[in-house]
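Quick note: the coordinates plus some simple rules give every number you see, no bench work behind them. Quick caveat, the model's predicted, so the values are computed rather than measured. We place every Cβ from the backbone using ideal geometry, glycine too, and count neighbours over all the protein chains shown.
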Amino acid sequence: MDIKLSDNRCEQIKQEVVNLFEKYNINCVPINGFEIAKKMEIKVIPYPSKSGRTRDLCLKESEDGFSIKKENKWYIFYNDDKKFGRINNTMLHEIGHIVLDHSEDSLLAEKEVKFFAKYALVPPVLVHKLKLTTPEEISEKFDVSYEAAYYALIYYSKWLNFGGKYYKPYEQQLLTLFS
């Protein structure tokens, strides 16, 4: 069964992303998950680079990364064998779990953080502001893979077709941050 986020929930998540950017003064592209984690005082730890039991346990938990809270402190563990774009997406994905206050794993929580990371990495209003029209331009400007840029362009096109020229308050807020 495929879970679909409601339009209202998507709008709430977009506002959460913009609030996060505003709170931590994130105002330039590419969006850097490591910078956000540092400003949020999240300890970021790469999987152990040597093979062994600890690395195997990390990989068993997730091929990309995961977050845990211990003694009121957040930690994000990530697989540093991946390319930067994938690692950055993982960072924003895990930050999404923290910001959206997910207390347990679920299909809904995963759907929400995938949307959170997608919106945080390449907000359509910034694609519009920067007049980017190809996946190559988006990939270069936002430092995402070609595939991520391709999907960001599709998302931008939908945004544009469904009222993107009429900015919502959180989009105005985002444009002000990135001016």
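What FRET efficiency comes out for Met40 versus Thr134 if R0 is 30 angstrom and r is the Cβ-Cβ distance? Round to the nearest 0.05. Plugging the Cβ-Cβ distance into 1/(1 + (r/R0)^6) gives 0.35. Farthest toward the positive end of the dipole of segment 59-153, out of Ser106, Gly85, Thr133, is the Cα of Thr133, where the dipole comes from beta carbon charges about the Cα centre. Applying a DSSP loop filter and a limit of 16 other Cβ atoms within 10 Å to the GluC sites (Glu not before Pro) in segment 92-177 leaves Glu104. Each Lys and Arg adds +1 at its Cβ and each Asp and Glu adds -1 at its Cβ; summed about the Cα centre, the chain shows a dipole of about 240 debye. Cβ-Cβ distance of Asp7 and Arg53, R₀ of 35 Å, FRET efficiency by 1/(1 + (r/R0)^6): the value works out to about 0.15. A cut-off under 10 angstrom between Cβ atoms defines the neighbours of Glu112, and their net charge, with Lys, Arg +1 and Asp, Glu -1, is +1. Entry note, segment 41-150: relative contact order of 19 percent, from Cα contacts under 8 Å with a spacing of 6+ residues. Round to a whole angstrom and tell me the spacing of the C-alpha centers of segment 1-68 and segment 79-95. The distance from the Cα centre of segment 1-68 to that of segment 79-95 comes to 8 Å. Stretching Tyr166 away from Ser106 to a fully extended chain increases their span by 18.2 nm, per 0.36 nm per residue minus the current alpha-carbon distance. Taken as entire DSSP H runs, the helices of the chain that both span 15 Å or more between Cα atoms along their own long axis and average -0.5 or more on the Kyte-Doolittle scale are 84-99, 107-121, 146-161. Cβ crowding within 10 Å, taken as a proxy for footprinting-reagent exposure, orders Ser157, Ser67, Ser179 from fewest neighbours to most as Ser179, Ser157, Ser67.
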